[in-house]
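Novice: Before we start, here is the structure in question, set down as structure tokens.
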Amino acid sequence: MNQRPLVIIGAAGMLGQDLAKVFADQEPLLWDRDQIDITDAELVDQRLAEVRPGLVLNVAAYNQVDEAESDEGFAIARRVNADGPAILAAACARQAATLVHYSTDYVFAGDQPAGYREDTPPAPVNRYGESKYSGEAAVLASGAAVYLIRTSRLFGEPGESPGSKKSFVDTMLALAETRDTLDVVDAEVSSPTSTADLATATRQLLEGKFGPGVYHRTNSGACTWYQFACEIFRQAGVAVTVNPVPASAFPRPAKRPDYSVLLNTKLSAMRPWSEALAAYLEQRA
Ligand SMILES: NC(=O)c1ccc[n+]([C@@H]2O[C@H](COP(=O)([O-])OP(=O)(O)OC[C@H]3O[C@@H](n4cnc5c(N)ncnc54)[C@H](OP(=O)(O)O)[C@@H]3O)[C@@H](O)[C@H]2O)c1
């Protein structure tokens with residue numbers, strides 16, 4: 001591995017925390033808002049020039065999908081998900097640092113029954129996806145060595161940082177503490193993915209024979225939100241009635257892709273999402 005320092009940006013977020021654990025033996029520099037703002041070009045340049053990292057893992061992002069539909073929210077999404085990564089990638093290119101950047105299944109429209117390959121042209125259906133797609137384009141055009149990893153439906157230990165969103169798993173378990181019955185959308189098929197597994201898969205990718213490029217890394221298999229909820233409660237042994245409802249039962253500002261399964265044509269498959277869920281619930285207990 002690289003001898004120059006390793007930096008994790010967004011280290012107090014959900015995935016950032018697991019990356020910090022998986023790379024702990026390399027004593028990574030853990031940066032969050034207090035250390036860096038990826039939208040501040042001068043600061044990013046200064047911090048990277050001071051440290052001269054060999055590898056930068058960027059998990060800083062704005063993930064508020066519905067809020068990003070408003071003009072105000074979209075302005076934040078563009079700054080954090082598009083301008084920030086562009087700034088960071090340019091600074092990485094200047095320092096000859098490798099950049100790992102994460103993106104989402106929401107860059108795709110969700111209208112292809114076969115799913116999406118790494119080289120399928122994105123066509124986002126909401127403004128969050130649009131901002132992430134702009135970030136993808138910027139990092140890939142930066143001239144830095146970039147691993148662009150698309151993933152979906154993350155679950156893991158909630159991030160410590162204030163903006164980190166609680167995962168669907170933790171949201172469902174919290175709701176079941178106060179309700180006997182839950183209506184859950186039986187649509188929007190995607191692959192739940194453990195942040196612990198994704199962090200390990202990131203390290204394996206960097207240490208393997210594959211070079212920079214676009215990768216799809218999710219746990220295997222896919223499900224609707226309703227199927228995901230049923231499996232969470234079954235495994236957790238929580239008695240709650242779950243009713244499948246159409247997406248129209250919960251009108252939300254952002255349109256979601258109907259079927260956004262990320263096809264992985266390059267790497268060996270990760271374990272099934274239900275096994276990763278079992279590992280998370282055991283660790284959470
Ligand atoms: N969560 C999902 O289901 C999901 C699905 C697909 C793809 N992804 C992608 O996976 C990656 C990791 O997601 P996550 O859920 O782990 O994110 P997260 O928990 O929201 O963590 C993001 C971190 O970035 C920090 N951050 C935000 N803006 C920043 C800025 N301008 N400068 C520096 N740091 C900043 C946040 O700090 P504050 O809390 O202070 O804002 C937070 O610590 C992201 O690229 C995301 O788009 C996530």
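Each value in this text was obtained by applying a stated rule to the coordinates, not by laboratory testing. Predicted model, so just to flag it, every value in this text is computed and none were measured. Because the Cβ atoms are built from the backbone with ideal geometry, glycine has one as well, and the counts that use them run over all protein chains shown.
Novice: Choose one answer from Asp40, Asp258, Asp83: the residue with the largest mean-square fluctuation in a GNM of the chain with alpha-carbon springs under 10 Å.
Specialist: Result: Asp40 has the largest fluctuation of those listed.
Novice: Whole-Hz ³J(HN,Hα) for each residue in segment 197-202, computed from phi via Karplus 6.51 cos²θ - 1.76 cosθ + 1.60 with θ = phi - 60°, x for glycine and proline: what do you get?
Specialist: For segment 197-202, the Karplus-derived couplings read 5, 5, 5, 4, 5, 5 Hz, x marking Gly and Pro.
Novice: Hey, another quick one. For Val184, enumerate residues with amide H under 5 Å from its amide H, sequence gap 5+ or separate chain, H modeled in the peptide plane.
Specialist: Asn243, Val245
Novice: Additional query: Amide H to amide H, which residues 5 or more places from Ile149 or on other chains are under 5 Å from it, using H placed in the peptide plane?
Specialist: His101, Tyr102, Ser103, Tyr215
Novice: Return the Rg/Rh value of the chain, two decimal places, where both radii are evaluated on C-alpha atoms and Rh is the Kirkwood radius.
Specialist: 0.96
Novice: Also, I was wondering about something else. Convex hull over the alpha-carbon atoms of segment 142-217: what's its volume per residue in Å³?
Specialist: It is 139 Å³ per residue.
Novice: First measure r as the distance between the Cβ atoms of Ala249 and Leu281, then evaluate 1/(1 + (r/R0)^6) with R0 = 25 Å and state the FRET efficiency to the nearest 0.05.
Specialist: Details: r = 27 Å, r/R0 = 1.07.
For Ala249 and Leu281, the calculated efficiency is 0.40.
Novice: State the answer as a single residue: which of Asn126, Pro192, Pro212 lies farthest towards the positive end of the charge dipole of segment 117-217, with beta carbon charges of +1 for Lys and Arg and -1 for Asp and Glu, about the Cα centre.
Specialist: Value computed over the given set: Pro212.
Novice: So, one more: Per-residue HN-Hα couplings for segment 13-22, Karplus 6.51 cos²θ - 1.76 cosθ + 1.60 at θ = phi - 60°, whole Hz, x for Gly and Pro?
Specialist: Result, ordered by residue: x, 5, 6, x, 4, 6, 4, 4, 5, 5 Hz.
Novice: Another one. In percent, how large is the relative contact order of segment 1-113, given Cα pairs closer than 8 Å and 6 or more residues apart? Don't skip to the end; give the middle numbers.
Specialist: Details: 154 pairs, mean separation 33.3, N = 113.
The value is 29 percent.
Novice: Compute, for the chain, the length of the dipole vector about the Cα centre, with Cβ point charges of +1 (Lys, Arg) and -1 (Asp, Glu) only. Units Debye, rounded to 20.
Specialist: Taking the Cα centre of the chain as origin, the dipole is about 640 debye.
Novice: May I pose another question? Nearest 0.05, what FRET efficiency do Glu42 and Thr171 give at R0 = 45 Å with Cβ-Cβ as r?
Specialist: 0.75
Novice: For segment 42-57, in order, what is each residue's ³J(HN,Hα) by Karplus, 6.51 cos²θ - 1.76 cosθ + 1.60 with θ = phi - 60°, in whole Hz (x at glycine and Pro)?
Specialist: 5, 5, 4, 4, 5, 5, 6, 5, 5, 8, 6, x, x, 9, 10, 9
Novice: When only C-alpha pairs under 8 Å and at least 6 residues apart count, what is the relative contact order of the chain, in percent?
Specialist: Rounded, it is 21 percent for the chain.
Novice: Please list, in chain and number order, the residues 5+ apart from Leu29 or on another chain whose amide H is under 5 Å from its amide H, with Hs placed from the backbone.
Specialist: Long-range HN contacts for Leu29: Leu6, Val7, Ile8.
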